[in-house]
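Q: Please see the structure below; I have some questions.
The values are calculated or read from the model by the stated rules, or taken from the named source; none is laboratory data. Every value quoted in this text rests on a predicted model; they were computed, and no experiment measured them. Every residue, glycine among them, receives a Cβ derived from its backbone with ideal geometry; neighbour counts consider all protein chains shown. Side chains are part of the model used for accessible areas, which takes the heavy atoms of the whole protein and leaves out ligands, DNA and RNA. Shrake-Rupley method; radii C 1.70, N 1.55, O 1.52, S 1.80 Å.
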Amino acid sequence: MKTLKTTQELAEFCSRAAQHDYVTVDTEFLRERTYYSKLCLVQLAFAGDGVNDAVLVDPLEEGLSLEPLYELFRDTSVVKVFHAARQDLEIFYVDAGVIPAPLFDTQVAAMVCGFGEQVGYETLVRKIAKQSVDKSSRFTDWSRRPLTDAQKVYALADVTHLRQIYEFLAKKLADTGRAAWVTEELRVLENPDTYIIDPEDAWKRVKTRNSSSRFLAIVRELARFRENHAQTRNIPRNRVFKDDALVELASTKPSDTKDLSRSRLLLREARKGDIAEGILKAVEVGKACPADQMPKVDDSRDKLQVNPALADLLRVLLKAKAENFGVASKLIANAAELDAMAAGKRDMPALMGWRNDVFGKHAIRLCNGEIALAAKKSNVKIVEL
């Protein structure tokens with residue numbers, strides 16, 4: 001188990017990796033005490049001869065630069081293989097503004113190949129590589145040094161088994177003609193906007209039952225302040241104040257620190273200093289927001305005139321098509337899309353690209369009364385009308 005601790009060692013490995021068709025990648029990181037993930041370890045492997053074809057990279061080693069790895073990420077002749085890549089990619093984008101290309105996510109590919117919803121790495125190792133993964137180091141502190149042999153073995157397994165999984169899934173996608181489906185799905189991960197958290201939009205993630213525009217204006221300002229404060233100080237947003245405290249503050253509209261002291265949910269540290277000042281200012285700005293600039297909740301879904309019987313038929317059709325094609329049903333369409341379709345809406349992902357070929361075009365014909373569904377034993381069949 002070789003651990004690379006210098007930029008030169010990393011450059012030499014990446015140079016060798018660039019001679020292969022693909023490289024598997026994984027990371028270990030911490031995020032419990034920071035806003036941005038702290039990268040603690042990078043695991044890399046390529047299909048080699050077994051001698052130093054899988055390594056650990058220690059980004060905490062003084063003087064080590066990840067630039068050789070980023071150069072490899074920019075090399076479009078080498079496929080970069082991850083499993084559930086979202087958080088890994090965010091780390092690299094925040095650190096260097098780079099998104100590996102071309103990209104392959106085995107979790108996405110596995111869903112397209114019929115392994116179920118958001119299948120875990122351990123499941124794929126067991127089903128494809130016929131191996132088991134030691135989970136004992138899963139919740140370890142990866143920032144502590146030195147790493148134990150058990151930690152190294154655990155970390156390296158995340159990229160060594162991934163080689164066999166990738167080759168299996170890539171072949172299956174080629175055999176079934178579904179490689180383009182995965183490419184389509186990966187566009188979100190390849191889009192830099194996926195990894196940019198704009199404080200202006202932070203309020204949209206706060207769950208509340210109150211749809212008053214004035215209330216939402218205060219929620220928006222509080223969420224904006226919290227996001228900015230957390231980002232600039234690199235602390236978790238919940239360390240500033242949690243969502244339930246945010247909603248409480250938007251309801252009670254505190255005007256001074258005495259009001260803040262009455263909060264049931266606000267952390268003690270947030271009742272004074274910079275956070276307290278930020279809260280009071282945000283409430284003040286929200287209260288003074290002009291009517292034409294207040295946020296509004298998208299209640300279009302609530303106003304949909306959904307035909308419940310048609311929605312149920314669409315669910316049956318979706319289940320049948322998902323089983324037919326061996327694709328995870330949630331990858332094709334979700335419940336909200338089916339309800340919207342049953343209410344007459346047509347602008348949705350389920351009616352685009354490969355989803356339309358597999359399910360969408362049949363769903364529209366069902367909605368238009370052109371086809372019906374019939375059950376024969378355990379099978380559902382389409383009947384032309």
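Q: What is the number of the single condition among (1) open to solvent by 50 Å² or more (accessible area, probe 1.4 Å); (2) over 30 Å from ALA179 (Cα atoms); (3) without any contact (Cβ under 8 Å) to a residue 12 or more places away in the chain that GLU323 does not meet?
A: Condition not satisfied by GLU323: (2).
Q: Could you tell me whether PRO59 is touching a residue at least 24 places away in the same chain (Cβ under 8 Å) and surrounded by 18 or more Cβ atoms within 10 Å (Cβ to Cβ)?
A: Against the criterion (touching a residue at least 24 places away in the same chain (Cβ under 8 Å) and surrounded by 18 or more Cβ atoms within 10 Å (Cβ to Cβ)), PRO59 does not qualify.
Q: Considering only residues of region 38-56 that are out of contact with any Asp or Glu (no Cβ under 9 Å at 6 or more places or on another chain) and of a type in the set (Gly, Ala, Ser), which is most open to solvent (accessible area, probe 1.4 Å)?
A: Going through the qualifying residues, I end up with GLY50.
Q: Hey, among LEU318, LEU313, LEU304, LEU331, which residue is touching a residue at least 24 places away in the same chain (Cβ under 8 Å), in a helix (DSSP H, G or I) and either in contact with a strand residue (DSSP E or B) (Cβ under 7 Å, 6 or more places away or on another chain) or within 26 Å of SER211 (Cβ to Cβ) (or both)?
A: LEU313
Q: State yes or no: is LYS377 open to solvent by 70 Å² or more (accessible area, probe 1.4 Å) and at positive phi?
A: Against the criterion (open to solvent by 70 Å² or more (accessible area, probe 1.4 Å) and at positive phi), LYS377 qualifies.
Q: Hey, another quick one. Under 8 Å between Cβ atoms, which residue pairs at least 6 apart in sequence (or on different chains) link something in region 144-162 that is farther than 19 Å from THR123 by Cβ and free of Cβ contacts under 8 Å to residues at least 24 places away in the same chain with a partner that is of a type in the set (Gly, Ala, Ser) and open to solvent by less than 20 Å² (accessible area, probe 1.4 Å)?
A: Pairs that qualify, where the first residue is farther than 19 Å from THR123 by Cβ and free of Cβ contacts under 8 Å to residues at least 24 places away in the same chain and the partner is of a type in the set (Gly, Ala, Ser) and open to solvent by less than 20 Å² (accessible area, probe 1.4 Å), are THR148/SER137; ALA150/SER137; GLN151/SER137.
Q: Follow-up. Out of region 164-183, which residues are in contact (Cβ under 8 Å) with a residue 24 or more places away in the chain and either farther than 26 Å from ALA47 by Cβ or among the polar types (S, T, N, Q) (or both)?
A: GLN164, THR176, listed by residue number.
Q: Keeping to region 9-64, report how many residues are in contact with a helix residue (DSSP H, G or I) (Cβ under 6 Å, 6 or more places away or on another chain), part of a strand (DSSP E or B) and hydroxyl-bearing (Ser, Thr, Tyr).
A: Going through region 9-64 one residue at a time, the tally reaches 2.
Q: Looking at TYR22, TYR70, TYR35 in this structure, which one is of a type outside the set (A, V, I, L, M) and either more than 18 Å from VAL159 (Cβ to Cβ) or open to solvent by 20 Å² or more (accessible area, probe 1.4 Å) (or both)?
A: Answer to the selection: TYR35.
Q: Do we have any residue at all in region 76-88 that's more than 30 Å from ASN238 (Cα to Cα), open to solvent by 40 Å² or more (accessible area, probe 1.4 Å), out of contact with any Phe, Trp or Tyr (no Cβ under 8 Å at 6 or more places or on another chain) and outside any helix (DSSP H, G or I)?
A: yes
Q: When you look at LYS345, is it part of a loop (DSSP other than H, G, I, E, B), surrounded by 14 or more Cβ atoms within 10 Å (Cβ to Cβ) and of a type in the set (D, E, K, R), yes or no?
A: For LYS345, the condition - part of a loop (DSSP other than H, G, I, E, B), surrounded by 14 or more Cβ atoms within 10 Å (Cβ to Cβ) and of a type in the set (D, E, K, R) - is met.
Q: For the list (1) at pLDDT 95 or above; (2) open to solvent by less than 50 Å² (accessible area, probe 1.4 Å), I need the number of the one condition that VAL133 fails.
A: (1)
Q: If you don't mind, another one. Would you be able to tell me the number of residues in region 223-254 that are over 17 Å from ASP198 (Cα atoms) and polar (S, T, N, Q)?
A: 2
Q: Something else about it: Give the residue, chosen from ALA276, ALA282, ALA270, that is in contact (Cβ under 8 Å) with a residue 40 or more places away in the chain and outside the structural domain of PHE359 (by the TED database).
A: Testing whether each residue is in contact (Cβ under 8 Å) with a residue 40 or more places away in the chain and outside the structural domain of PHE359 (by the TED database) leaves just ALA282.
Q: Right, next: Please state which of the following conditions THR123 fails to meet, knowing it meets all the rest: (1) part of a helix (DSSP H, G or I); (2) hydroxyl-bearing (Ser, Thr, Tyr); (3) more than 19 Å from LEU331 (Cα to Cα).
A: THR123 satisfies all of (1) part of a helix (DSSP H, G or I); (2) hydroxyl-bearing (Ser, Thr, Tyr); (3) more than 19 Å from LEU331 (Cα to Cα) except (3).
Q: Need pairs with beta-carbon distance below 8 Å; first residue free of Cβ contacts under 8 Å to residues at least 60 places away in the same chain and within region 87-111, second among the acidic types (Asp, Glu); sequence gap 6+ or separate chains.
A: ALA96/GLU67
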